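Data first, discussion second: the structure below is written as structure tokens.
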Amino acid sequence: MTGSESEGLQLRRAVCPGSFDPITNGHLDIIARAARLYDVVHVAVMINASKQGLFTVEERMELIRRVTGEYGNVEVESHHGLLVDFCKEREIPAIVKGLRAVSDFDYELQMAQMNNGLSGVETLFVPTNPTYSFLSSSLVKEVAAWGGDVSHLLPAPVHEALVERLAERRKA
């Protein structure tokens, strides 16, 4: 395809939002699946000033870059504010969210309808791989803090960072 032929093409873009504190294999599964469907997948690390994360936003972004580097079409950014504003600024028409269980659906449906009403952005729900249907960052941190083995639930670099951070916290 020549440059002039590609100029008229619209890239298919989506965003996978979350706090990713830390990113789990469940998150990574959804991002990988979105990366196969879209030309560009933005991973938006959402900043919630009322939450104190285990990892800084910059550390989370770096960990996500490390574990998504193989895809080549994933861009990692942070955002403070409404997700629809992130989408508007980047002309992203779709949000991709993983659903672990029916209980996730109620909240996520309301959020999807609000986002669509505010900006016209569509939300696509992807069922989580059953292997990860119970998985959340909060649960991983809690189990790891009590000495449980969570290595099979996280990408290796993330597990290493988690173990190191928890050790630092215990010393402090």
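Read-outs throughout are calculated quantities, based only on the coordinates presented, and are distinct from any laboratory measurement. Keep in mind it's a predicted model, so treat the numbers as computed, not measured. Glycine gets a Cβ as well: all are built from the backbone with ideal geometry, and neighbour counts include every protein chain shown.
Can you list residues from other chains, or at least 5 along the same chain, whose modelled amide H is less than 5 Å from the amide H of THR123?
Excluding prolines and chain starts, which carry no amide H, the hits are ILE95.
As I understand it, the dipole of the chain uses +1 on the Cβ of Lys and Arg and -1 on the Cβ of Asp and Glu, about the Cα centre. Which of ILE31, PRO157, ALA112 lies farthest toward its positive end?
About the Cα centre, the residue reaching furthest to the positive side is PRO157.
Report the full-extension gain for the segment SER151 to ASN48: residue separation times 0.36 nm, less the Cα-Cα distance, to one decimal in nm. Please report the intermediate quantities before stating the final value.
On the way: separation 103, 0.36 × 103 = 37.08 nm, distance 2.65 nm.
Here the answer is 34.4 nm.
Rank by packing, highest mean first: peptides 84-95, 65-76, with packing defined as the count of other Cβ atoms within 10 Å averaged across residues.
Values: 84-95: 17.2, 65-76: 15.4.
Most protected by this proxy first, the peptides run 84-95, 65-76.
Amide H of SER78 versus every other amide H placed in the peptide plane: which residues, excluding those fewer than 5 positions away on the same chain, fall under 5 Å?
VAL45
For the chain, set up a GNM with springs between Cα atoms under 10 Å and report which of ASP21, ASP149, ASP39 has the largest fluctuation.
Among ASP21, ASP149, ASP39, the largest mean-square fluctuation in the Gaussian network model of the chain belongs to ASP149.
Among SER78, SER50, SER133, which one shows the biggest mean-square fluctuation in a GNM of the chain, springs joining Cα atoms closer than 10 Å?
SER50
Order these peptides, 140-146, 108-114, by their mean beta-carbon neighbour count within 10 angstrom, highest first.
The densest-packed peptide leads the list: 140-146, 108-114.
Normalised by the empirical 2.2 N^0.38 Å for globular proteins, what value does the Cα Rg of the stretch 12-171 take?
Values: Rg = 15.4 Å, N = 160, 2.2 N^0.38 = 15.1 Å.
Computed over Cα atoms of the stretch 12-171, the ratio equals 1.02.
Quote the relative contact order of the chain in percent (integer), defining contacts as alpha-carbon pairs under 8 Å separated by 6+ residues. Before the final figure, lay out the partial values.
Numbers: 232 pairs, mean separation 45.4, N = 172.
Result for the chain is 26 percent.
List the residues, sorted by chain then number, that are 5 or more residues from HIS42 or on another chain and whose placed amide H is less than 5 Å from its amide H.
Answer set, sorted by chain and number: ALA14, VAL15, CYS16, GLU75.
Can you list the lysines whose alpha carbon is less than 23 Å from that of LYS171, not counting same-chain residues fewer than 8 positions off?
Cα-Cα hits under 23 Å: LYS51, LYS141.
Which is farthest toward the positive dipole end of the chain among VAL96, SER137, VAL74, measuring Cα position about the Cα centre, with Cβ charges +1 (Lys, Arg) and -1 (Asp, Glu)?
Positive-end residue among those listed: SER137.
Which of the peptides 10-19, 161-170 is most tightly packed, and how do the rest follow, judged by the mean count of other Cβ atoms within 10 Å per residue?
Details: 10-19: 18.3, 161-170: 13.6.
Ranked from most to least packed, the peptides come out as 10-19, 161-170.
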